[in-house]
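Shown next, in structure tokens, is the structure this report addresses.
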Amino acid sequence: MKGLAQWGLSLSIVLYGVLHFYTYFHPHAFLLQLLSISGTGIVICGAILLSVKNLKMPLGLLLFGIFILIYSDIPLLEGILHGLRQMRNMIGLLILVPLISWVLREEPYMEAIVSYGNKLLNTSRRFYLGAISFTQVIAYFLLFGSIQMVYHFIDEILADKRGEAWENFKGTALLRGFALSTLWVVSIPSFVFVVEIMDASLYLSILQGFGMAVVGVGIALVFSHFEEKKFGVNLTAGVRSEFEEVLGANPQDRLVQRDFKEFIILFVSLFGTIFILQGFWDIELLVLIPLVVIAWIISYFLYKRRPHKLLQNLKTHIRKDVARESYQLCMMLGAGMMIYALNQTSFASIVVDGIYGLQTALPFLNILYFLPFIIIILGFFGLGPLTVMVLVGGILGSLQLPYPPEIIVLAVTSGSAISILLSPLIMPVITLSGANGLSGFKNGIVFNWKYALVLYVVVQIYVQLMVVW
């Protein structure tokens, strides 16, 4: 039974992705209905493979949306079919963006970068700066998978360095780096979704988020200094001794140079192509990014003359890897059903009236103070940043808030960043705990609560100043 469900899930996901992109450019009533049916196939096959118990959150959202449709006297079948297509752009993005990792794993790009930067990383502060910055760059390719990959890479360099002080040093750099990436990295689904749903300027949103990420890195360096003093360990001496032993690669080596230059070209080409096309092609960002990604991946493997490797990766992905995406895709389908159902009611006007009532009672406060806390609180219930962003962003998109959309984007994504830093129930902290063996509570709350608090205050100072101006 499970073998059949696995086959059905792979078929449903591939069919959903293909139909989504085809019908975006060539709408067809029958194909749109087939798109919704393939969404149903994802939910059913996902429930068989993962069990209803493990899918209780996505199924709960789906059933809640159906209940609202029934309560609102909306034609049930029509409402379900529309609800299963509500998040089609997001699902298309989630199907294709993880494939970026195929390119990063083809050559030793990470080793080349570290070989070039080893003379600049010979103190604890410089190493910390390199780790937190490098994690944000790799997050562009691997999303939260960057935490595990960069951790193992750093762990190879600092192989003999163990203990809470060293795990704090490594873990906080990676978690803070990935959290800050959600403020500006265009391939992070939660970021691009809220930019799209708020109709914000991509350029301003990235520039603003990147600026805040730079500030966040500076704050992290200050915290790292005091954390090193607190543990009483000479991290600089340890870093230097390990670099001398591990890094034998010469930056002048021809292959190292080649890999380093290739990585820079890959990063700029992906980032730049999205930017350029977004300025000249009138297409939704959530559709543009996966199309650029797939063209970029194909171009890379053709340039490397490895089309056979591309086909091999594709076969492996369809047969095995897509099943790992089923929970996330079911979550998007369930969230889409609920958001579509809520949009058919007077829910948006009730929320707006509530916001205005709150501001009348407390004129010195506005909703931008509270938006991050909505994301953070839901994160402690096990909802990941993307799911929360879809739920909150889907509702915010239907409201007429009197603030620049880029400011709303920063307020919401700051909540996502803080949730990543603190919640032991979501994947970034779980992934880090699986790598370093510490509890999620220690990796999240114990190591990062002070940093998260300062980050919230700094972001709010900027946001409120922008609102006043």
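The values are calculated or read from the model by the stated rules, or taken from the named source; none is laboratory data. It should be emphasised that the depicted structure is a prediction, and the values quoted were computed from it without experimental measurement. Methodologically, a virtual Cβ is constructed for each residue, glycine included, from the backbone with ideal geometry; neighbour enumeration extends over all protein chains shown.
Annotations for the structure displayed:
- When Val222 is tested against (1) out of contact with any Leu (no Cβ under 9 Å at 6 or more places or on another chain); (2) at pLDDT 90 or above; (3) in a loop (DSSP other than H, G, I, E, B), just one condition goes unmet, and that condition is (3).
- Matching option when the condition is modelled with pLDDT of 90 or more and not polar (S, T, N, Q), among Leu421, Leu432, Leu425: Leu421
- Checked against (1) in contact (Cβ under 8 Å) with a residue 40 or more places away in the chain; (2) over 30 Å from Leu455 (Cα atoms), Leu386 passes all but condition (2).
- Screening the candidates Leu314, Leu386 for the property of being under 15 Å from Ile95 (Cβ atoms) and touching a helix residue (DSSP H, G or I) at 6+ places or on another chain (Cβ under 7 Å) yields one hit, Leu386.
- Some residue of segment 445-466 being in contact with a Pro (Cβ under 8 Å, 6 or more places away or on another chain), over 25 Å from Thr172 (Cβ atoms) and either assigned to a helix (DSSP H, G or I) or modelled with pLDDT under 80 (or both): yes
- Note on segment 78-97: residues that are in contact with a Gly (Cβ under 6 Å, 6 or more places away or on another chain), part of a helix (DSSP H, G or I) and farther than 15 Å from Val18 by Cα total 1.
- Checking each residue in segment 5-36 for being of a type in the set (A, V, I, L, M) and either in contact (Cβ under 8 Å) with a residue 24 or more places away in the chain or in contact with a Cys (Cβ under 7 Å, 6 or more places away or on another chain) (or both) picks out Ala5, Leu9, Leu11, Ile13, Val14, Leu15, Leu32, Leu35.
- Hits in segment 230-251 (condition: exposed (fewer than 13 other Cβ atoms within 10 Å of the Cβ), in a helix (DSSP H, G or I) and at pLDDT below 75): Glu244, Glu245
- The listed residue being of a type in the set (D, E, K, R) and farther than 30 Å from Val43 by Cβ, out of Lys315, Lys309: Lys309
- Of all residue pairs spaced 6 or more apart or on separate chains, those with beta-carbon atoms under 8 Å, a first member in segment 68-96 that is over 13 Å from Asn343 (Cα atoms) and a second member that is surrounded by fewer than 24 Cβ atoms within 10 Å (Cβ to Cβ) and among the acidic types (Asp, Glu) are Asn89/Glu196; Asn89/Glu284; Leu94/Glu325; Ile95/Glu325.
- None of Ile395, Ile377 is without any contact (Cβ under 8 Å) to a residue 40 or more places away in the chain, assigned to a helix (DSSP H, G or I) and among the β-branched types (Val, Ile, Thr) except Ile377.
- Yes/no for Glu284 being buried (at least 20 other Cβ atoms within 10 Å of the Cβ), touching a residue at least 12 places away in the same chain (Cβ under 8 Å), of a type in the set (D, E, K, R) and under 23 Å from Asn89 (Cα atoms): no
- Selection within segment 24-42 - out of contact with any Ser or Thr (no Cβ under 9 Å at 6 or more places or on another chain) and crowded, with 19+ Cβ neighbours inside 10 Å: Ser36
- Segments classed as helices (runs of 4 or more DSSP H), wholly inside segment 98-213, with at least 3 members that are surrounded by 24 or more Cβ atoms within 10 Å (Cβ to Cβ) and of a type in the set (Phe, Trp, Tyr): 124-142
- With respect to (1) closer than 25 Å to Ile318 by Cβ; (2) surrounded by fewer than 19 Cβ atoms within 10 Å (Cβ to Cβ); (3) modelled with pLDDT of 90 or more; (4) not basic (Lys, Arg), the lone exception for Leu50 is condition (3).
- Residue that is closer than 22 Å to Val459 by Cβ and surrounded by 15 or more Cβ atoms within 10 Å (Cβ to Cβ), where the choices are Leu383, Leu432, Leu438, Leu365: Leu383
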